[in-house]
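**Student:** Attaching a single structure in structure tokens format; questions to follow.
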């Protein structure tokens with residue numbers, strides 16, 4: 001499992017990197033210029049790029065590892081290790097030419113063999129990546145390797161040391177977007193195993209602008225700039241990520257000048273928005289992400305009843321939660337697909353509105369008048385973010401008040417939460433899904449189709465599946481959007497989960513920080529960031 005390696009890390013304390021040349025100090029460079037310090041709210045869930053699935057850890061690892069392509073500041077795919085690529089006339093073969101100056105942190109040049117080996121490691125059944133097949137099953141032979149039916153991936157061919165060809169099963173408007181996901185990171189086989197996840201920092205060798213220096217579990221991750229980076233040496237000397245689970249501690253460290261950037265919770269904003277010292281340091285970023293409350297039909301039999309789910313959807317006052325309890329920082333979600341994604345935030349989407357009378361009627365029609373006969377529910381949420389607790393408490397209170405159903409609350413550590421989620425054992429839960437690429441397929445088919453890798457709650461509607469299948473296959477975006485809209489309305493009527501809000505990040509960023517690169521997906525790797 002992805003968390004297993006951290007039991008090892010914790011037993012040895014501070015670790016240093018030694019795979020490849022170079023010596024690394026274990027001392028933090030406190031108050032030294034050229035050091036960018038900002039918090040991460042939990043310990044990394046993994047140090048292995050082929051297994052990572054959560055945004056906070058991805059933000060850390062994208063500094064170290066990179067693949068053929070990544071995101072530009074225009075939120076479109078751009079070359080990283082790939083200098084250029086050509087697409088065959090039938091739209092199925094992508095031929096990538098690697099940058100001649102791309103090197104791993106151990107000094108070795110990146111080759112096409114490394115690309116093929118890395119994808120095959122990502123697909124290895126022994127690595128057991130929770131995300132690999134979801135993002136790369138378009139590649140011919142990838143699923144066969146992933147399921148143990150083949151020894152290699154037949155659709156990846158090494159043409160010469162600088163050229164690799166990847167063939168997909170059918171033309172896909174999403175393929176390059178999927179390829180940006182960090183599970184496509186290229187790594188050196190001398191530092192990684194085909195049989196096990198990375199569990200030693202010395203093996204964390206990538207080709208990104210920063211290299212791993214040290215890690216103190218639950219305290220600090222330090223990265224050093226990679227001077228031979230193909231895009232030019234980063235302007236920062238190092239990055240220090242303090243692991244700060246408590247939002248009050250995070251904010252106090254920012255105020256004390258100990259960190260240069262901090263994400264804010266709703267209550268943080270209320271206390272700072274009128275402070276003349278900080279008002280010019282506020283930055284808001286709309287993200288193509290949605291927070292929702294989900295009902296797992298695999299774990300709670302009453303959730304198999306559409307009327308029960310609809311009752312829950314109508315019993316939750318989402319507008320009050322978003323605009324009053326969370327202070328209107330985020331945007332009320334009317335649909336599944338968020339703004340920023342084509343077809344997102346549909347004003348005419350057929351989502352349920354708050355209606356207590358209709359909710360009570362639906363629950364009675366389902367055979368549970370006044371909530372009688374419904375077993376007690378537990379609503380789980382990520383424990384490190386106070387805003388998530390606010391939503392969970394409001395949902396539990398409204399369900400109890402409006403439907404008579406008892407809902408207990410359970411905050412969970414993020415790694416444990418993800419393990420339970422991946423096992424499809426979260427019953428009633430508050431969760432986020434953030435776009436990996438800007439296409440409705442990433443939300444509807446991937447999350448909710450019967451075959452969707454993120455469908456962890458047993459939702460199954462053949463009409464929804466058929467529309468998604470048609471939309472996924474077409475290369476005409478207008479046609480796809482019309483089909484996705486129909487599918488989305490079916491899902492909203494079925495209410496397997498309830499949209500709450502679209503994400504809008506609030507951050508305090510020190511005036512010392514310059515040159516941050518942005519995309520819709522978040523801060524890009526810090527190749528141009530400086531600290532003045």
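**Student:** Taking Rg and Dmax of the Cα atoms in Å straight from the coordinates, which label in (i) 23.4, 69; (ii) 23.3, 75; (iii) 27.4, 124 is the correct one?
**Tutor:** From the options (i) 23.4, 69; (ii) 23.3, 75; (iii) 27.4, 124, the structure gives (i).
**Student:** On a C-alpha basis, how far is the centre of the stretch 310-336 from the centre of the stretch 236-270 in Å? Whole number, if you could?
**Tutor:** Using only Cα atoms to place each centre, the spacing works out to 28 Å.
**Student:** Still on this structure, I have one more. Using Cα atoms only, what is the angle between the long axis of helix 386-403 and the major principal axis of the chain, expressed in degrees (0 to 90) to the nearest 10?
**Tutor:** It works out to around 20 degrees.
**Student:** How much of the pair distance distribution for the stretch 390-532 lies past 18 Å, counting alpha-carbon pairs only, in percent?
**Tutor:** I get 69 percent for the Cα pairs in the stretch 390-532 exceeding 18 Å.
**Student:** Find how many whole Å separate the alpha carbon centroid of the stretch 438-492 from the alpha carbon centroid of the stretch 398-434.
**Tutor:** Between the Cα centres of the stretch 398-434 and the stretch 438-492 lies a distance of 24 Å.
**Student:** Quick one: order 69, 248 by neighbouring beta-carbon count within 10 Å, fewest to most.
**Tutor:** Fewest to most other Cβ atoms nearby, the residues stand as 248, 69.
**Student:** Could you line up 497, 117 from fewest to most neighbouring Cβ atoms inside 10 Å?
**Tutor:** Starting with the residue having the fewest Cβ neighbours, the order is 117, 497.
**Student:** Can you give me the convex hull volume of the Cα atoms of the stretch 154-204, divided per residue and expressed in Å³?
**Tutor:** Convex hull volume per residue, Cα atoms: 124 Å³.
**Student:** Something else now. Could you tell me how many cubic angstrom of Cα convex hull volume the stretch 476-532 has per residue?
**Tutor:** In the stretch 476-532, the Cα hull volume divided by residue count equals 132 Å³.
**Student:** In addition: I need the P(r) histogram for the stretch 236-308: all alpha carbon pairs, bin width 5 Å from 0 out to the longest distance, whole percents.
**Tutor:** Reading the bins upward from 0: 3, 11, 17, 15, 13, 10, 8, 8, 7, 7, 2, 0.
**Student:** Mind checking the angle between helix 477-494 and the chain's longest principal axis? C-alpha axes, 0 to 90 degrees, to the nearest 10.
**Tutor:** On a 0 to 90 degree scale, this one is about 50.
**Student:** Can you check what the Kirkwood hydrodynamic radius comes to for the stretch 286-505, Cα pairs only, in Å to one decimal?
**Tutor:** 17.4 Å
**Student:** I've got another one for you. Computed over the Cα atoms of the stretch 304-364, what is the convex hull's projected area averaged over all directions, in nm²?
**Tutor:** 5.0 nm²
**Student:** On a C-alpha basis, how far is the centre of the stretch 359-374 from the centre of the stretch 78-153 in Å? Whole number, if you could?
**Tutor:** Value for the Cα centre distance between the two parts: 51 Å.
**Student:** How much length, in nm to one decimal, is gained on full extension between residue 514 and residue 478, taken as 0.36 nm per residue of separation minus their Cα-Cα distance?
**Tutor:** Difference between extended and current length: 9.1 nm.
**Student:** What is the Rg over Rh value, at two decimals, for the stretch 89-228, using alpha-carbon atoms and the Kirkwood definition of Rh?
**Tutor:** With Rg and the Kirkwood Rh in hand, the quotient comes to 0.98.
**Student:** Please report the antiparallel percentage of DSSP beta bridges with both residues in the stretch 286-505, rounded to the nearest 5.
**Tutor:** 65 percent
**Student:** Take the Cα atoms of the stretch 212-253, build their convex hull, and give its volume per residue in Å³.
**Tutor:** For the stretch 212-253, the hull spanned by Cα atoms encloses 86 Å³ per residue.
**Student:** Additional query: Take the stretch 435-491, compute every pairwise Cα distance, and split them into 10 Å bins from 0; I just need the percent in each bin.
**Tutor:** Histogram of Cα-Cα distances, whole percents per bin: 28, 58, 14, 0.
**Student:** So what's the back-of-envelope 222 nm ellipticity for the chain, counting only DSSP H runs of four-plus at -39500 (n - 2.57) apiece and dividing by all residues, rounded to 500?
**Tutor:** So the helix-based figure for the chain works out to -7500 deg cm²/dmol.
**Student:** Using a Förster radius of 35 Å, what is the FRET efficiency between residue 393 and residue 169 based on their Cβ-Cβ separation? Nearest 0.05, please.
**Tutor:** Once rounded, the FRET efficiency stands at 0.15.
**Student:** Let me ask something additional. Between the helical axis of 306-315 and the dominant principal axis of the chain, each derived from Cα atoms, what acute angle in degrees is found, rounded to the nearest 10?
**Tutor:** 90 degrees
**Student:** Turning to a different aspect of this structure: Taking just the alpha-carbon atoms of the stretch 338-399, what radius of gyration and Dmax come out, in angstrom?
**Tutor:** Calculated on Cα positions, Rg and Dmax stand at 15.9, 43 Å.
Values quoted throughout were computed directly from the atomic coordinates according to the rules given, and no laboratory measurement underlies them. Here the structure is a predicted model, which is why all the values come from computation and not from measurement. Cβ sites come from the backbone with ideal geometry, for glycine too, and all protein chains shown count toward neighbours.
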